[in-house]
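Notes to accompany the following structure.
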Amino acid sequence: MKVAVISDIHSNIEALKAVLDAIDQEDISLIINLGDLVGYNASPVECVDLVQGRQIISIQGNHDRAATEMKHAEGFNILAYQAVKWSANKLAPIHKRFLKKLEHTRVIWDRYLVFHGAPGNPDAYLFYLFQAKKAFNYMRKRTVGVRIGFFGHTHKRAVWQRDVRGKVSSLKIPEENILLDPEQMYLINPGSVGQPREHNWKASYLVFSNEPETIQFKSVSYDLHSAQAKIRNAKLPEYLAERLETGV
Ligand SMILES: [Fe+2]
């Protein structure tokens with residue numbers, strides 16, 4: 001069975017459609033969205049409608065939570081704050097109810113932990129070794145038996161592994177499939193669909209297969225100029241349009 005994992009769509013409908021088109025070319029049984037459906041870009045309503053309509057399993061990101069209650073945006077930088085406030089004004093109550101009900105951490109099929117930032121905390125980042133160790137410890141104590149976690153929030157692809165002796169390390173992202181070792185634990189970030197930050201503008205996602213367990217990182221081109229034009233027409237900060245192109 002193949003599962004597509006997507007994250008940090010951030011109201012970029014052009015990127016989301018391109019990723020879903022690519023996913024639809026493969027034999028994918030399930031799509032999991034790791035949160036931040038809204039924020040930054042200019043199509044929040046379209047993105048929520050599409051994800052809801054496709055029955056994509058979603059968890060809540062910090063921008064999703066902020067769009068439903070602005071008090072959660074207090075720690076945001078000014079650009080993120082302006083964009084999420086704009087999104088909150090565009091979303092109808094039905095969209096906000098959908099975003100509000102999402103959990104920020106959950107276990108799927110008793111096997112896979114999915115969360116946005118860090119387990120139990122959508123605002124915290126999993127970027128450094130000590131944060132990866134903390135997340136593995138959470139899994140070992142709170143979700144016993146779960147070896148694989150998927151997360152987003154950093155907008156950067158990542159694979160962390162923990163071997164049987166407890167050594168945690170990060171893997172280089174290869175072009176080809178990564179075969180997962182059934183003895184080891186993993187924390188995997190698919191990168192961002194709608195605002196990648198690896199100096200590459202293409203929309204990033206991941207395909208996970210379970211027999212045997214493999215992952216493959218993928219990226220697709222999308223209509224960048226249309227996404228940028230919408231940001232400018234909405235009078236959102238110009239930098240939000242520019243950064244899509246430079247991938248920062
Ligand atoms: Fe995000």
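Every number here is computed from the coordinates shown, using simple stated rules; none is lab data. Fair warning: this is a prediction, and the values are worked out from it, not measured in the lab. FYI the Cβ positions are ideal-geometry reconstructions off the backbone, even for glycines, and counts take in every protein chain you see.
Details
- Peptides 158-169, 28-39, 117-128 ordered by average Cβ neighbours within 10 Å, highest first: 28-39, 117-128, 158-169
- Sequence-separation-based contact order of the chain, relative, with Cα cut under 8 Å and 6+ spacing, percent: 23
- Expected-Rg normalisation [2.2 N^0.38 Å, Cα atoms] applied to the chain: 0.95
- Mean Cβ count within 10 Å, highest first, over the residues of peptides 195-204, 72-81: 195-204, 72-81
- The label-point distance for I173 and Y81, in a model that sets each label 7 Å from Cα toward Cβ, rounds to 3.0 nm.
- Across K2/K235; K101/K202; K71/K134; K101/K134; K100/K141; K96/K230, pairs whose alpha-carbon gap is larger than 32 Å: K2/K235
- Taking 0.36 nm per residue of separation and subtracting the Cα-Cα distance, full extension of the segment from F127 to D223 would add 31.6 nm.
- Computed packing ranks the peptides 236-248, 14-26 as 14-26, 236-248, most packed first, by mean other Cβ atoms within 10 Å.
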